[in-house]
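S.K.: Pasting a structure below so you can have a look.
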Amino acid sequence: MSAGKKVVVLGATKGMGRAIARRLVERGDSVALLGRDAEDLERSSADLRARGAPGVKLSTAWCDLEQPSSFRPALDGAETALGGLDVVVVTAAMFGTQEQLESDPAFAQKVLTVDFANTVVFCEEARKKLLGRGGGTLCVFSSVAGDRARKPVVMYGAAKAGLSAYLEGLDLKFRSQGLVTVCVKPGFVKTGMTEGLQEPPFAGEPDEVAQVVIEGIDRGTRVVYAPPIWRAVMTAVRALPRFVMRRVGF
Amino acid sequence: MSVSDRVAGWGRQFVAGREVLLEDLSHAPKALFRGLGRSYGDSSLPPTSNPLVVNTTRANRIVRFDGDAGLLRAEAGLSLYDLNRVFLPRGWFVPVTPGTQFVTLGGMVAADVHGKNHHVDGCIGQHLTRLELRLADGQVLECGPDLERELFLATVSGMGLTGQILEVELPLRRIPTPWIWQESERVEDIDEYVTKLKEAAEHWPMTVGWIDCLSRGAHMGRGILMKGRWAQSHEAPTAFPRELPNVRFPFQAPELVLSRLAVQAFNFGYYWKHLPRKKTGLVDPFAFFYPLDFVKDWNLVYGRRGLTQYQCVLPDSAGPDAARRFLEVLTQRGGASFLCVIKDCGPESAAYLSFPMKGMSVALDIAVRDDTQALVDALNEFVLSVGGRIYLAKDHFTRPEHFRAMEKRLDRFLEVRHKWDPQLCFKSAQSVRLFGDPS
């Protein structure tokens with residue numbers, strides 16, 4: 001696929017979403033930014049306008065993963081503003097450490113709902129819209145945390161495992177109808193979301209992740225690890241027997 | 001929970017502390033802001049009492065760009081690398097650039113950076129139109145050359161100590177092509193170098209040079225003088241210069257690498273690589289402005305103990321032989337440096353702690369050894385004796401009594417800073433060391 005596409009990015013103002021949106025407008029794609037803070041959306045939109053290639057269209061729409069009623073109007077608005085829709089990217093998610101989630105059930109419920117149930121519901125809206133247009137690409141950020149249960153990410157990992165399974169299912173069922181599903185599994189990336197966490201080896205920068213993800217979108221790669229080294233890391237982690245996983249701390 | 005329990009400047013002298021990475025600076029804790037950490041010494045390191053610095057590099061959005069006038073406003077964490085990537089292909093460039101693009105706008109303002117065009121264009125602070133700051137009491141304030149001027153002049157060159165720089169506004173300049181027309185010349189000794197540098201400054205908007213500070217006697221201070229200007233469209237190819245791929249220095253080098261012999265070999269090679277006496281031609285702006293940026297993490301060359309840069313300015317009043325006398329102090333002490341950069345400076349700016357003054361700036365990269373403190377002391381005594389000063393953005397070893405004696409403008413700076421931050425919310429390891437802030 002070439003540049004000049006019409007792309008919706010949910011989570012475009014922060015972290016990896018910001019980096020992806022920048023690379024898209026620089027090469028000439030039009031972008032609709034979805035997010036829950038109107039002022040933040042405007043600031044990012046101005047940033048993209050200054051960086052974007054001439055002729056790039058930009059629009060913003062309010063959309064909050066905690067409020068499923070916002071999903072359809074936001075996608076409709078984006079489609080109208082861009083004059084079409086080719087790709088939907090979802091980078092937005094919530095994170096909580098295992099300690100936070102264990103000690104605060106209400107917060108745990110919120111994270112599990114946003115990262116799994118509501119993300120799936122958003123994807124369903126996007127799927128219908130893209131299939132209604134004859135196809136397109138749905139690129140959703142899951143996580144390496146969904147690849148194998150681990151002590152520091154018991155709940156977060158479970159939500160992401162569910163999301164990865166859902167995205168695989170979409171690929172099985174709808175690829176033949178023109179829906180390309182790209183499941184992105186970032187390893188540790190230095191963004192606001194991971195601020196304050198112990199940095200592991202192979203920590204990535206948002207911009208290098210963005211480059212890998214856009215290549216994945218262009219090629220229709222089903223599962224993208226970013227940075228790519230995490231594919232090998234997670235293959236090794238998945239191969240570890242359970243008695244080992246009980247003992248290690250990662 | 002900590003990302004890392006130690007922080008260092010580019011010279012890799014570590015102190016206890018941690019960096020907080022924030023995309024939204026409006027909720028930053030009351031602590032020193034730090035950009036890409038390219039100041040060599042302890043300017044961007046936290047004091048022991050509040051071992052925290054706010055890393056601004058994720059606050060990197062362009063707020064607006066006026067494509068007619070070239071006026072750019074951006075969040076303080078925008079890097080010059082990013083700015084060049086976006087604007088150089090469109091024919092815009094910053095009015096002043098330091099020798100690396102891995103700096104943030106906020107950092108450039110805080111250090112009031114200068115570049116190869118200082119003799120013509122001064123420091124970055126002289127081009128700014130507005131700064132947005134968050135002050136110690138939490139209020140967000142705009143300042144500029146014509147608005148809250150005192151605060152503005154203290155903030156430019158104020159090393160982040162007057163408040164947190166949130167946004168920076170400055171005009172970019174139209175450039176005729178993204179290529180540089182360069183003339184470089186091999187020079188036999190320091191006196192010839194100084195004479196030619198002054199001459200070059202009258203005809204060229206950009207000058208800089210490197211000298212071999214190990215050669216003694218008749219060849220003391222032999223070097224290579226570089227002069228440049230933006231190429232005109234009839235001189236340059238239409239293609240945009242391709243940025244060379246970066247290589248990363250892979251590990252902390254053993255100290256052997258920095259042995260005197262190795263430094264001598266490097267200097268000899270660098271000098272004689274320039275075989276013809278004079279060379280002219282087109283060079284790409286990345287090689288011209290940022291020659292060391294091609295090697296990421298090049299500071300690891302300096303091994304476990306790291307490096308410091310000694311940069312001072314010797315005023316014209318010190319006489320034309322001041323650079324020679326400075327080199328004599330250095331060579332007597334056995335100081336060895338891979339890189340010795342000498343550049344002429346234009347007049348001092350109005351910013352209270354701005355480094356350059358009319359004269360000659362000398363910069364040396366020095367591997368940290370047991371005798372580094374003694375070497376810096378000796379150099380400082382010489383600089384003090386001729387009425388010069390050192391550059392805070394590079395410094396880690398200057399003694400407070402030397403600094404105070406060199407920097408007559410310090411009290412005025414401290415007075416203005418005190419007015420806006422009476423509790424000293426914003427301190428650095430450097431302000432504790434040199435300004436007498438409580439730790």
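S.K.: Would you pick out the residues in region B:35-66 that are of a type in the set (Asp, Glu) and either surrounded by 24 or more Cβ atoms within 10 Å (Cβ to Cβ) or touching a His at 6+ places or on another chain (Cβ under 8 Å) (or both)? Lay out the reasoning, then the answer.
M.R.: Residues of region B:35-66 that are of a type in the set (Asp, Glu), as a first pass: B:42, B:66.
B:Asp42 - this is the single residue of region B:35-66 that is of a type in the set (Asp, Glu) and either surrounded by 24 or more Cβ atoms within 10 Å (Cβ to Cβ) or touching a His at 6+ places or on another chain (Cβ under 8 Å) (or both).
S.K.: Can you name the residue in region B:65-79 that is more than 10 Å from every other protein chain (Cβ to nearest Cβ) and without any contact (Cβ under 8 Å) to a residue 60 or more places away in the chain and, of all such residues, is farthest from B:Arg134 (Cα to Cα)?
M.R.: Keep residues of region B:65-79 that are more than 10 Å from every other protein chain (Cβ to nearest Cβ), which gives B:68-71, B:76-77, B:79.
Next, from what is left, pick out any that are without any contact (Cβ under 8 Å) to a residue 60 or more places away in the chain: B:68, B:77, B:79.
Values: B:Asp68: 30, B:Gly77: 14, B:Ser79: 20 Å.
By that ranking, first place goes to B:Asp68.
S.K.: Quick one: how many residues across region B:102-115 are surrounded by fewer than 22 Cβ atoms within 10 Å (Cβ to Cβ) and not hydrophobic (A, V, I, L, M, F, W, C)? Step through it out loud before you land on a result.
M.R.: At the first step, the residues of region B:102-115 found to be surrounded by fewer than 22 Cβ atoms within 10 Å (Cβ to Cβ) are B:102, B:115.
Filter once more, so that each one left must be not hydrophobic (A, V, I, L, M, F, W, C): B:115.
So the count comes out to 1.
S.K.: A further question on this structure: Quick check, is B:Leu353 among the aliphatic types (A, V, I, L, M) and in a loop (DSSP other than H, G, I, E, B)? Can you show your working first?
M.R.: Numbers: among the aliphatic types (A, V, I, L, M): yes; in a loop (DSSP other than H, G, I, E, B): yes.
So B:Leu353 fits the description; yes.
S.K.: Which members of region A:96-128 meet the condition of being of a type in the set (Ser, Thr, Tyr) and closer than 15 Å to A:Phe141 by Cα? If you could, list the steps in order and put the result at the bottom.
M.R.: Applying the first criterion (of a type in the set (Ser, Thr, Tyr)) to region A:96-128 yields A:97, A:103, A:113, A:119.
Once the filter is applied, which keeps residues that are of a type in the set (Ser, Thr, Tyr) and closer than 15 Å to A:Phe141 by Cα, region A:96-128 yields only A:Thr119.
S.K.: Starting from region B:271-293, take each residue that is exposed (fewer than 15 other Cβ atoms within 10 Å of the Cβ) and list its partners that are among the hydrophobic types (A, V, I, L, M, F, W, C), counting only C-beta distances under 7 angstrom and pairs at least six apart or across chains.
M.R.: Close Cβ pairs (under 7 Å, with a partner that is among the hydrophobic types (A, V, I, L, M, F, W, C)) amount to B:Leu292/B:Trp298.
S.K.: Sticking with this structure for a sec: So which residues in region A:106-134 are within 20 Å of the chain's Cα centre (by Cα), closer than 24 Å to A:Gln177 by Cα and of a type in the set (Lys, Arg), if there are any at all?
M.R.: Matches in region A:106-134: A:Arg127, A:Lys128, A:Lys129.
S.K.: Then there's this: Examine region B:272-289 for a residue that is part of a helix (DSSP H, G or I) and more than 30 Å from B:Phe93 (Cβ to Cβ), and state whether such a residue exists.
M.R.: So the first thing to find is which residues in region B:272-289 are part of a helix (DSSP H, G or I), and the list is B:272-273, B:285-289.
Narrowing further to those that are more than 30 Å from B:Phe93 (Cβ to Cβ): B:272.
Looking through region B:272-289, at least one residue is part of a helix (DSSP H, G or I) and more than 30 Å from B:Phe93 (Cβ to Cβ).
S.K.: Looking only at region B:38-64, which residues are touching a residue at least 12 places away in the same chain (Cβ under 8 Å), of a type outside the set (Val, Ile, Thr) and within 14 Å of another protein chain (Cβ to nearest Cβ)?
M.R.: Restricting attention to region B:38-64, the residues satisfying the condition of being touching a residue at least 12 places away in the same chain (Cβ under 8 Å) are B:38-63.
Narrowing further to those that are of a type outside the set (Val, Ile, Thr): B:38-47, B:49-52, B:55, B:58-61.
B:Leu52, B:Asn55, B:Arg58, B:Ala59, B:Asn60, B:Arg61, listed by residue number.
S.K.: Here's something else I'd like to know. I'd like the residue in region B:80-94 that is within 11 Å of another protein chain (Cβ to nearest Cβ) and closer than 19 Å to B:Asn55 by Cα and, out of all such residues, is surrounded by the fewest Cβ atoms within 10 Å (Cβ to Cβ).
M.R.: Among them, the one singled out is B:Tyr81.
S.K.: Does B:Ser337 satisfy the condition of being closer than 30 Å to B:Pro205 by Cβ and modelled with pLDDT under 95? If you could, list the steps in order and put the result at the bottom.
M.R.: Numbers: closer than 30 Å to B:Pro205 by Cβ: yes; modelled with pLDDT under 95: yes.
Considered against the rule, which asks whether it is closer than 30 Å to B:Pro205 by Cβ and modelled with pLDDT under 95, B:Ser337 comes out as yes.
S.K.: Ok, one more. Considering only residues of region A:170-198 that are in a loop (DSSP other than H, G, I, E, B) and away from every other protein chain (no Cβ under 14 Å), which is modelled with the highest pLDDT? Reasoning before the result, please.
M.R.: Of the residues in region A:170-198, the ones in a loop (DSSP other than H, G, I, E, B) are A:178, A:187-188, A:190-191, A:195-198.
If we keep only those that are away from every other protein chain (no Cβ under 14 Å) too, we end up with A:178, A:187.
Details: A:Gly178: 97, A:Gly187: 91.
Top of the filtered list is A:Gly178.
S.K.: I've got another one for you. Among the numbered criteria (1) under 23 Å from B:Asn117 (Cα atoms); (2) not in a strand (DSSP E or B), which one does B:Ala59 miss?
M.R.: Among (1) under 23 Å from B:Asn117 (Cα atoms); (2) not in a strand (DSSP E or B), the lone unmet condition for B:Ala59 is (1).
S.K.: OK, next. Can you tell me which condition B:Ser26 does not meet? The list is (1) under 27 Å from B:Pro178 (Cα atoms); (2) in contact (Cβ under 8 Å) with a residue 12 or more places away in the chain; (3) within 12 Å of chain A (Cβ to nearest Cβ), and all the others hold.
M.R.: (1)
S.K.: Could you say whether any residue in region A:241-248 is more than 14 Å from chain B (Cβ to nearest Cβ), farther than 25 Å from B:Asp5 by Cα, hydrophobic (A, V, I, L, M, F, W, C) and crowded, with 21+ Cβ neighbours inside 10 Å?
M.R.: Going through region A:241-248, the residues more than 14 Å from chain B (Cβ to nearest Cβ) turn out to be A:241-248.
Checking the rest, the ones that are also farther than 25 Å from B:Asp5 by Cα come to A:241-247.
Those still in the list that are hydrophobic (A, V, I, L, M, F, W, C) too: A:243-245.
Applying the additional criterion that residues be crowded, with 21+ Cβ neighbours inside 10 Å yields none.
No, that holds for no residue.
S.K.: Within region A:1-16, count every residue that is within 11 Å of chain B (Cβ to nearest Cβ) and not β-branched (Val, Ile, Thr). Can you show your working first?
M.R.: Let us first name the residues in region A:1-16 that are within 11 Å of chain B (Cβ to nearest Cβ), namely A:13-15.
Next cut, not β-branched (Val, Ile, Thr) only: A:14-15.
Qualifying residue count, region A:1-16: 2.
S.K.: If the requirement is being crowded, with 21+ Cβ neighbours inside 10 Å and more than 10 Å from chain A (Cβ to nearest Cβ), which of these qualifies: B:Val7, B:Val15? Spell out the reasoning first.
M.R.: Values: B:Val15 fails: crowded, with 21+ Cβ neighbours inside 10 Å.
The match here is B:Val7.
S.K.: Test A:Ser45 against the stated conditions and say whether it is over 19 Å from A:Ser30 (Cα atoms), of a type in the set (Ser, Thr, Tyr) and assigned to a helix (DSSP H, G or I).
M.R.: Details: over 19 Å from A:Ser30 (Cα atoms): no; of a type in the set (Ser, Thr, Tyr): yes; assigned to a helix (DSSP H, G or I): yes.
For A:Ser45, the condition - over 19 Å from A:Ser30 (Cα atoms), of a type in the set (Ser, Thr, Tyr) and assigned to a helix (DSSP H, G or I) - is not met.
S.K.: Just to check your reading of the model, which residue among A:Gly220, A:Gly216, A:Gly204 is of a type outside the set (Ser, Thr, Tyr), within 14 Å of chain B (Cβ to nearest Cβ) and either within 22 Å of A:Ala12 (Cβ to Cβ) or under 13 Å from the mean Cα position of the chain (by Cα) (or both)?
M.R.: Values: A:Gly220 fails: within 14 Å of chain B (Cβ to nearest Cβ); A:Gly216 fails: within 14 Å of chain B (Cβ to nearest Cβ).
Result of the check over A:Gly220, A:Gly216, A:Gly204: A:Gly204.
S.K.: Also, I was wondering about something else. Would region A:69-92 turn up any residue that is within 14 Å of another protein chain (Cβ to nearest Cβ), under 20 Å from B:Asp24 (Cβ atoms) and within 21 Å of the chain's Cα centre (by Cα)?
M.R.: In the first step, residues of region A:69-92 are kept if they are within 14 Å of another protein chain (Cβ to nearest Cβ); the result is A:91-92.
Within this subset, residues satisfying the condition of being under 20 Å from B:Asp24 (Cβ atoms) are A:91-92.
Then drop every residue that is not within 21 Å of the chain's Cα centre (by Cα), which leaves A:91-92.
Looking for residues that are within 14 Å of another protein chain (Cβ to nearest Cβ), under 20 Å from B:Asp24 (Cβ atoms) and within 21 Å of the chain's Cα centre (by Cα), one finds at least one in region A:69-92, hence yes.
S.K.: Among the residues of region A:60-80, what is the count of those that are crowded, with 19+ Cβ neighbours inside 10 Å, in contact with a strand residue (DSSP E or B) (Cβ under 6 Å, 6 or more places away or on another chain) and either β-branched (Val, Ile, Thr) or not in a loop (DSSP other than H, G, I, E, B) (or both)?
M.R.: Here the count works out to 4.
Here is a yes/no grid of residues against (1) within 22 Å of the chain's Cα centre (by Cα); (2) at pLDDT 95 or above; (3) more than 23 Å from B:Ser337 (Cα to Cα); (4) part of a loop (DSSP other than H, G, I, E, B):
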position: B:Gly209; (1), (2), (3), (4): yes, no, no, no
position: B:Pro241; (1), (2), (3), (4): no, no, yes, yes
position: B:Phe251; (1), (2), (3), (4): no, no, no, yes
position: B:Val257; (1), (2), (3), (4): no, no, no, no
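Residues checked against (1) part of a loop (DSSP other than H, G, I, E, B); (2) in contact (Cβ under 8 Å) with a residue 60 or more places away in the chain; (3) at positive phi:
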| site | (1), (2), (3) |
| --- | --- |
| B:Ala218 | no, no, no |
| B:Gly228 | no, yes, no |
| B:Pro237 | yes, no, no |
| B:Phe268 | no, no, no |
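S.K.: Condition first: surrounded by fewer than 20 Cβ atoms within 10 Å (Cβ to Cβ) and away from chain B (no Cβ under 11 Å). Now tell me which residues in region A:24-55 satisfy that.
M.R.: Those that are surrounded by fewer than 20 Cβ atoms within 10 Å (Cβ to Cβ) and away from chain B (no Cβ under 11 Å): A:Arg27, A:Gly28, A:Arg36, A:Ala38, A:Gly55.
S.K.: Shifting gears a bit: Out of everything in region B:177-208 that is touching a His at 6+ places or on another chain (Cβ under 8 Å) and among the polar types (S, T, N, Q), what residue ends up being surrounded by the most Cβ atoms within 10 Å (Cβ to Cβ)? Explain how you work it out, then say what you get.
M.R.: To start, the set of residues in region B:177-208 that are touching a His at 6+ places or on another chain (Cβ under 8 Å) comprises B:184, B:186, B:188-189, B:201, B:207.
Next, only the ones that are among the polar types (S, T, N, Q) stay: B:184, B:207.
Values: B:Ser184: 21, B:Thr207: 26.
That would be B:Thr207.
The values are calculated or read from the model by the stated rules, or taken from the named source; none is laboratory data. Since the model is a prediction, treat every value here as computed from it, not as a measurement. All Cβ positions, even for glycine, are placed from backbone atoms using ideal geometry, and neighbour counts span all protein chains on display.
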